[in-house]
Amino acid sequence: MGQRIDVNHLNVYYGDFLAVEDVNIHIQANKVTAFIGPSGCGKSTVLRTLDRMHEITPGAHVTGEVLLEGRNLYGDDVDPVAVRRDVGMVFQRPNPFPTMSIRENVLAGVRLNNKKISKSDADDLVEWALRGANLWNEVKDRLDKPGIGLSGGQQQRLCIARAVAVHPQVLLMDEPCSALDPISTLAVEDLINELKRDYTIVIVTHNMQQAARVSDYTAFFNLKEIGKPGHLVEMDETKVIFENPKDTETERYISGRFG
Ligand SMILES: Nc1ncnc2c1ncn2[C@@H]1O[C@H](COP(=O)(O)OP(=O)(O)OP(=O)(O)O)[C@@H](O)[C@H]1O
Ligand SMILES: [Mg+2]
């Protein structure tokens, strides 16, 4: 099952620069939540705070809370590596490990976690993850071939399989379809729709049609001006955001008048 995420009074800094200010957001379990908004408003930055990837950037830090099913990910006793096991990330550009086979790519996260698994358990896990990523039938006869020999859409689904193989509770996706053609995009969107049965999903997208197609909830971020921090304007059911938003900023953005 997916887990819910509650973000309370989150401020996100790069050094002294406050990139995103006072975000309060409640992300439902087993739903797809889309982050939309103009470039630079902090969508990726907020997304990366949800699995503590933000702090990998030197000088970057946060104040406030991110609760995963009530547990503060930024608590003193929390190991960031363990957080990234529960909360998986899929990046904008498919990034299979270039020297690894399809099979080893799927297992890469599990191996990083230093888990010893038998060959037959690994075989089962590879099949399960690839089936879950809707890729099994296309690759089952070439599991030992390089991951980078796949098409862009297949590579992105391979990266989703790699993320799923560690059994996360949450999947974060930062513009996962922006490097893909329309057919691969639809394949990944179909997959997102299936994955929400098992995971909580947060997706950043610039594509309004995509947000409308795949998400249950939409959060609109904006920034007052360049150099000022981004903020969450509003979040609601996707239908409400697209048809009847409360804020005029949202209305202007979704009707294409800026951004
Ligand atoms: N590593 C970094 N160091 C310093 N500032 C950063 C860093 N990454 C992002 N920023 C700044 O933080 C702000 C938010 O950037 P972010 O990448 O989160 O925006 P975004 O909404 O994802 O934009 P886009 O739609 O273009 O991907 C911007 O002002 C950006 O310049
Ligand atoms: Mg971004």
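The values are calculated or read from the model by the stated rules, or taken from the named source; none is laboratory data. Note that the structure is a prediction, hence the values are computed from the model and not measured. Ideal geometry is used to build each Cβ from the backbone, glycine not excepted, and the neighbour counts take in all protein chains shown.
Only one residue in 29, 60 is within 29 Å of residue 197 (Cβ to Cβ), out of contact with any Leu (no Cβ under 9 Å at 6 or more places or on another chain) and small (Gly, Ala, Ser), so which one is that? Write out each step before concluding.
Details: 60 fails: within 29 Å of residue 197 (Cβ to Cβ).
It is 29.
Quick check on residue 211: is it modelled with pLDDT of 95 or more, within 16 Å of ligand 1 (Cβ to nearest atom) and assigned to a helix (DSSP H, G or I)?
Working: modelled with pLDDT of 95 or more: yes; within 16 Å of ligand 1 (Cβ to nearest atom): yes; assigned to a helix (DSSP H, G or I): yes.
Yes, satisfied.
May I ask you to verify whether residue 250 is part of a helix (DSSP H, G or I) and among the hydroxyl-bearing types (Ser, Thr, Tyr)? Don't jump to the end; show me each part of the working.
Values: part of a helix (DSSP H, G or I): yes; among the hydroxyl-bearing types (Ser, Thr, Tyr): yes.
Against the criterion (part of a helix (DSSP H, G or I) and among the hydroxyl-bearing types (Ser, Thr, Tyr)), residue 250 qualifies.
Say we look at segment 52-100 and pick out the residues that are within 17 Å of the chain's Cα centre (by Cα) and β-branched (Val, Ile, Thr); which of these is farthest from residue 155 (Cα to Cα)?
66
Can you find, within segment 64-85, the residue that is farthest from ligand 1 (Cβ to nearest atom) among those that are among the charged types (D, E, K, R) and in a loop (DSSP other than H, G, I, E, B)?
Here is the first cut: in segment 64-85, the ones among the charged types (D, E, K, R) are 65, 69, 71, 76-77, 79, 84-85.
Checking which are in a loop (DSSP other than H, G, I, E, B) leaves us with 69, 76-77, 79.
Details: 69: 25, 76: 25, 77: 27, 79: 23 Å.
Selected residue: 77.
Residues that are within 16 Å of ligand 2 (Cβ to nearest atom), within 14 Å of residue 173 (Cα to Cα) and not hydrophobic (A, V, I, L, M, F, W, C): does segment 13-26 have at least one?
Taking every residue of segment 13-26 in turn, none turns out to be within 16 Å of ligand 2 (Cβ to nearest atom), within 14 Å of residue 173 (Cα to Cα) and not hydrophobic (A, V, I, L, M, F, W, C).
I'd like to verify a number: residues in segment 95-117 that are on the phi < 0 side of the Ramachandran plot and not in a helix (DSSP H, G or I), how many? Reasoning before the result, please.
Initially, segment 95-117 is screened for residues on the phi < 0 side of the Ramachandran plot, giving 95-113, 115-117.
In the following step, the residues that additionally are not in a helix (DSSP H, G or I) were identified as 95-101, 113, 115-117.
Residues in segment 95-117 being on the phi < 0 side of the Ramachandran plot and not in a helix (DSSP H, G or I): 11 in total.
Exactly one condition in (1) more than 21 Å from residue 176 (Cα to Cα); (2) within 16 Å of ligand 2 (Cβ to nearest atom) is not met by residue 59; state its number.
So the condition that residue 59 fails would be (2).
Residues of segment 31-51 being under 10 Å from the mean Cα position of the chain (by Cα), more than 10 Å from ligand 2 (Cβ to nearest atom) and of a type outside the set (A, V, I, L, M), which ones?
Scanning segment 31-51 gives 33, 51.
If you scan segment 181-196, which residues turn out to be out of contact with any Cys (no Cβ under 6 Å at 6 or more places or on another chain) and without any contact (Cβ under 8 Å) to a residue 60 or more places away in the chain? Talk me through it step by step, then tell me what you get.
Initially, segment 181-196 is screened for residues out of contact with any Cys (no Cβ under 6 Å at 6 or more places or on another chain), giving 181-184, 186-187, 189-196.
Once the filter is applied, which keeps residues that are out of contact with any Cys (no Cβ under 6 Å at 6 or more places or on another chain) and without any contact (Cβ under 8 Å) to a residue 60 or more places away in the chain, segment 181-196 yields 181, 182, 183, 184, 186, 187, 189, 190, 191.
Among the residues of segment 118-173, what is the count of those that are within 22 Å of the chain's Cα centre (by Cα) and charged (D, E, K, R)?
Qualifying residue count for the region: 3.
Give all pairs with beta carbons closer than 9 Å in which a residue from segment 33-59 that is closer than 20 Å to residue 171 by Cβ and of a type in the set (Ser, Thr, Tyr) meets a residue that is within 13 Å of ligand 2 (Cβ to nearest atom) and part of a helix (DSSP H, G or I); count only pairs at least 6 apart in sequence or on separate chains.
Final answer for the pair search is 45/54.
Filter segment 50-63 down to the residues that are assigned to a loop (DSSP other than H, G, I, E, B) and hydrophobic (A, V, I, L, M, F, W, C) and list them by number.
Matches in segment 50-63: 50, 53.
Within segment 100-107, is even one residue surrounded by fewer than 19 Cβ atoms within 10 Å (Cβ to Cβ) and out of contact with any helix residue (DSSP H, G or I) (no Cβ under 7 Å at 6 or more places or on another chain)?
No: zero hits.
Determine if segment 81-94 includes at least one residue that is free of Cβ contacts under 8 Å to residues at least 60 places away in the same chain and either on the phi > 0 side of the Ramachandran plot or crowded, with 17+ Cβ neighbours inside 10 Å (or both). Break it down into steps so the answer makes sense when it comes.
Of all residues in segment 81-94, those free of Cβ contacts under 8 Å to residues at least 60 places away in the same chain come to 81-84.
Those still in the list that are either on the phi > 0 side of the Ramachandran plot or crowded, with 17+ Cβ neighbours inside 10 Å (or both) too: 83-84.
Yes, some residue in segment 81-94 is free of Cβ contacts under 8 Å to residues at least 60 places away in the same chain and either on the phi > 0 side of the Ramachandran plot or crowded, with 17+ Cβ neighbours inside 10 Å (or both).
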